[in-house]
Each structure stands twice: as structure tokens, then as C-alpha cells.
Amino acid sequence: MERPPLDAPASEWLVYADARQRAGDPRGELVVLSHAVSAGTVTSQRRDRFVAKHAAALLGDAVAGRLASYRLGWRHCVLESVDVRIEPGDDGAALVAAVLGSPAADELRELAVVGVPTEYRAVELASAIAALAGALPPCCRSLALVDELAASVDLLVTTGHEPPDNLVTLGSLDTVWQLPLEHLRIEVADAHALDLGSIRAPAMRSFTLRSLRLGVAPHLLRALERASWPDLESFELRLVEDFTARIPIDDNAYIPTYSTSERHEDSYHEAEEGRNEAPVDWGQLEGLLRALHHVPLRRLALTSFDTWRTLFDVLARVGCPPTLRELDVSHARIDRECAAWMCEHAELFANLERLVVERVPLRERRALASLAPEIVHSVGRGATYRHVVT
């Protein structure tokens, strides 16, 4: 029986599943389980156990032999997304090649290459990224390059202004710009260590860079200013600033020092959240913000900043891109003073449809009620992500 299109009704897929089950094909049961997972009647763990039992038939021997290194996302019986999890000592290129060579990868839509620095040991992803060239299925247009540890914590704590090397390194990203990607997400600890190369991405529609240290990284800003991505619709940049603290509360840090050290056990009760003693001049984003006026940008996310004044001053000078419909300034120090400034400059936000101010110190949403766009608001501490120097 011919397989239905991906967007065919569930009834057609279940008829197909019945035919595959009668033929002894494990894809039939996988369809049934996937629909049950979507309906909430079966757990995804049960489906995972079934996939593990029939991994060779569904995915090929190379993937079946290292199944624990993959997180698989299914639609019906079609493999739509894969996270390749690379731990210290793994051959990342081989893991990527195995899954992209799988018979199930022909319709892959999303791929994440994830470094997993277990026990704080380093992971190199450059070879895994290089393995994407010429092997990525044409329909796979979404890529994520992720340091799993950096993505799961709030702080980068260092004893000097220059932190040690990232535990997960990406190498040059020139290979990435040769791929026909529409969506790229990068999550690392120290963005200063990134080598973006020369960005030429004619199909790119969304770009996200999240890190635990940004501040002012001139080489990074230059690469983004000079980027060629004529179809870009979404741009997200986490504007992490430097804070200082004698002993920070670092139990949610990239590499905890104080909360895990017996030397500091007696004094950890005096730990500080940190102080921003050197506000950043976000005026250095002006070139980048002007460059974004030349693409059809609909969503702009500038998040986690503490120095709101210089950021909004440069926005006021440059203006929002004419096509912009959503501005996200979440996890940032949006307080009553900042809200008053925004209302005084209401014309800056007049063409927006949504203004996202989530997890900010401003407790009263009505402080922004005079602005034209829909306000999406929630209360939080503000500049959530920080580079704390002790």
C-alpha cells in the first residue's frame, strides 16, 4: 500500500498502519504508537522502547548500534527530527554520518548537533559539523549547534574577565553557511569564542544566538553586520552583561566553583547575586540594527540585558525595521523607569503587533498599557543570564 502524504488525515495513516502491521513491517505499529503519543494515551517512552527493539529495521544497523546517542522525533513513522548527542571521546563525525545515511533520514526536517560535556570534559563538534557538507538531506532546513550544559544554566562564573575555553567548541562555521538552511540556532557558553566566518545564507529565515557571555564582542558584531541573508525574518541575540560578586550564587553556573567547593562551604551563605558595575554601551549594536532594516525582519529578540537605557537609545536613533511585528525584550531589566521611557517614546513601537516583556522586574502590566502593540508580560528577576566575575 502506498504511504500517505505527511499531512494526510489520521484515518488514512491508520489504514496504512494496518496494512503495514499485516505485512509484518514495524512501521505499522510505529504509526499507531505515534498517534497514541499525540493523543496522550501512550507515553513517548513506550514508543522509544518499541523503536529500540526494532532499531535495525527502522533506522539501519549503524544507528541501532549507537541508539543512545540520538534523540529521535517521529511524525507517524517518518523521522522528522534528530538530536545527535556527542560526548567526550565520541567520534562526532561518525555519529552524524550514521544518522544522515540512515534509510529513515530521507525526510528529516530538523537536526541538532549537541555537545554533552559529561563530568566537565571537553567536546569538539567541528568534525561533526564538517560531516554535514554534502550529507544533509535537501528537506532538512533547520540546524541547531548546542552546548547542552550552557543551554541548561544561567551563569558563566569566572575568576577573571576572560573565561577559560568553552567546554564545547564548534570551530569555524564556514561549512554551515554552505548548507541551504532556513533556521539556525547556536547555544554556547562564551560567544566571544565563536568563529562565525563570512555569513552568506540566501535561504536563512531565522537566526538565534544564545550564550552566557556576550557583552561587547567586536568580531562577532562585525560578522553579523556584514551578513548576507536577504530573506531573514527572525533574529534573536542574548545580550549578556558582566556582573561582579565576591562569591556568587553559582549553583546554576556553567562550571560551579563556590557551591561545590568545600573551601567555600563556610562562606557560601554570604554569596551575592552580583552587581553590574560597568553598564554596557549597547550603542555598538547600531551597525547591526541598521543592517536589519535591509531584510524583511518580522521578529527581533534582544534579551537578558541589564543596561536598558543605551539599548533603547540606539533603538530610538535607528528605529524598528519597517517590517517588524514582534519585539521581544524578555529576561531583561524592564522596570518602572524603563516602562515610563517606553511610553514617552510610544512612536518607536507603534507599528508592532506584539511587545514581549516576560520575566522582567516590572510588576504592573498596565504601566505599558498606553503602547499600541499587544503586551505579553510576566514578572521575573530581569537580566537572567549573566557572566559573573569574582
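The values are calculated or read from the model by the stated rules, or taken from the named source; none is laboratory data. Remember, it's a predicted structure, so these values are computed and weren't measured experimentally. With ideal geometry, Cβ positions are generated from the backbone for all residues, glycine too; neighbour counts draw on all protein chains shown. The accessibility values were calculated without ligands, DNA or RNA, using every heavy atom of the protein model including side chains. Shrake-Rupley method; radii C 1.70, N 1.55, O 1.52, S 1.80 Å.
Sum -39500 (n - 2.57) across every DSSP H segment of at least 4 residues in the chain, then divide by the residue count to get the 222 nm mean residue ellipticity, nearest 500.
On the way: 13 runs with 102 residues, N = 390.
Counting only the DSSP helices, I get -7000 deg cm²/dmol.
Taking trypsin sites (Lys or Arg not before Pro) as exposed when DSSP calls them loop (any state but H, G, I, E, B) and at most 12 other Cβ atoms lie within 10 Å, what is the longest stretch of the chain free of them, the sites themselves excluded? Mind showing how you got there, number by number?
Details: sites that count: ARG121, ARG246, ARG363, ARG381.
The longest uninterrupted stretch comes out as 122-245.
Only residues of the stretch 60-87 count here: report those whose backbone N is under 15 Å from the spot 7 Å along Cα→Cβ of ALA23, or say none. Once the point is set 7 Å along Cα→Cβ of ALA23, 77-78 turn out to lie under 15 Å by backbone N, inside the stretch 60-87. Close amide H partners of GLY197, meaning residues 5 or more places away or on another chain with modelled amide H under 5 Å apart, are LEU173.
P(r) for the stretch 279-364, from all Cα pairs and a bin width of 5 Å, is 3, 15, 25, 29, 20, 6, 1, 0 %, short bins first. Heavy-atom accessible area for MET1, with the other protein chains in place and a 1.4 Å probe, reaches approximately 120 Å². Amide H contacts of VAL388: LEU156, VAL157, THR158, PHE243, each under 5 Å away and 5 or more positions distant or on a separate chain (H built 1.01 Å from N in the peptide plane; Pro and chain starts excluded). Highest mean packing comes first when the peptides 29-37, 344-352 are listed by Cβ atoms within 10 Å, giving 29-37, 344-352. The Cα center of the stretch 3-53 and the Cα center of the stretch 131-190 differ in position by 33 Å. Taking every DSSP bridge with both residues inside the chain, close to 10 percent are antiparallel. Figure note: GLU119, GLU241, GLU286 ranked by solvent-accessible area, largest first, 1.4 Å probe, ligands and nucleic acids not counted: GLU119, GLU286, GLU241.
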